[in-house]
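**Student:** Handing you a structure now.
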Amino acid sequence: MTTPTAVELALASVIDPLLGRNLVELGLVQEIQAGDDGRVLVRLLLPTPHWPAAAALNAQARAMIAALPGVATADVQWAAQPAWTPHRLAPSLQAPLNLAADEPTAFTPQGRGQRLLQRLLGRQEKNR
């Protein structure tokens, strides 16, 4: 049986060709599931939604996992949520960036309808 730790070590050898760092250091590994039946599922995050190296990283990650002893199937998926932030980087990569200690709250842009509704509600409050 393969363990999540063994899978993480294998993923540490997958280097992003654009950033020159491995998936683990970049904080792209979101979840690892390793079953007793030899099935391994890995969910990765992309630094941006349309990351140019996504297909290459997926193929490399799948190959590295499949090469581990006891792995019957390796499934590598991309997760859209939560969004990747620089706070997911390894501490050694965060230090040169001078990141704040706490990760800022996620920004969720409002839809046009939500903004319009807030304006209308604000006008109603003023007219009372």
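The values are calculated or read from the model by the stated rules, or taken from the named source; none is laboratory data. Being a predicted model, the structure only gives us computed values, none of them experimental. Neighbour counts run over all protein chains shown; Cβ positions are idealised from the backbone, glycine included.
**Student:** Can you tell me how many residues in region 80-98 are at pLDDT 75 or above and in a loop (DSSP other than H, G, I, E, B)?
**Tutor:** 8
**Student:** So, in region 51-72, of the ones that are of a type outside the set (A, V, I, L, M) and under 13 Å from the mean Cα position of the chain (by Cα), which residue ends up modelled with the highest pLDDT?
**Tutor:** Checked region 51-72; the qualifying residue modelled with the highest pLDDT is Asn58.
**Student:** Regarding Ala12, is this residue on the phi < 0 side of the Ramachandran plot, small (Gly, Ala, Ser) and surrounded by 13 or more Cβ atoms within 10 Å (Cβ to Cβ)? Working first, answer last.
**Tutor:** Numbers: on the phi < 0 side of the Ramachandran plot: yes; small (Gly, Ala, Ser): yes; surrounded by 13 or more Cβ atoms within 10 Å (Cβ to Cβ): yes.
Yes.
**Student:** If you check every pair at least six apart or on different chains, which have Cβ atoms under 9 Å apart with a residue in region 60-78 that is in contact (Cβ under 8 Å) with a residue 12 or more places away in the chain first and a residue that is of a type in the set (S, T, N, Q) and crowded, with 17+ Cβ neighbours inside 10 Å second?
**Tutor:** Filtered contacts from region 60-78: Ile65/Thr2; Leu68/Thr2; Pro69/Thr2; Gly70/Thr2; Val71/Thr2.
**Student:** Taking only region 32-71 into account, find how many residues are part of a loop (DSSP other than H, G, I, E, B), exposed (fewer than 13 other Cβ atoms within 10 Å of the Cβ) and touching a helix residue (DSSP H, G or I) at 6+ places or on another chain (Cβ under 9 Å).
**Tutor:** Of the residues in region 32-71, 2 are part of a loop (DSSP other than H, G, I, E, B), exposed (fewer than 13 other Cβ atoms within 10 Å of the Cβ) and touching a helix residue (DSSP H, G or I) at 6+ places or on another chain (Cβ under 9 Å).
**Student:** List, please: which pairs have Cβ atoms under 8 Å, are six or more places apart or on different chains, and start with a residue in region 1-21 that is in a loop (DSSP other than H, G, I, E, B) and end with one that is of a type in the set (D, E, K, R)?
**Tutor:** Filtered contacts from region 1-21: Met1/Asp36; Ala12/Glu25.
**Student:** Let me confirm something: among Leu41, Leu46, Leu26, which residue is modelled with pLDDT under 95 and farther than 16 Å from Ser13 by Cα? Write out each step before concluding.
**Tutor:** Details: Leu41 fails: modelled with pLDDT under 95; Leu26 fails: farther than 16 Å from Ser13 by Cα.
On inspection, the qualifying residue turns out to be Leu46.
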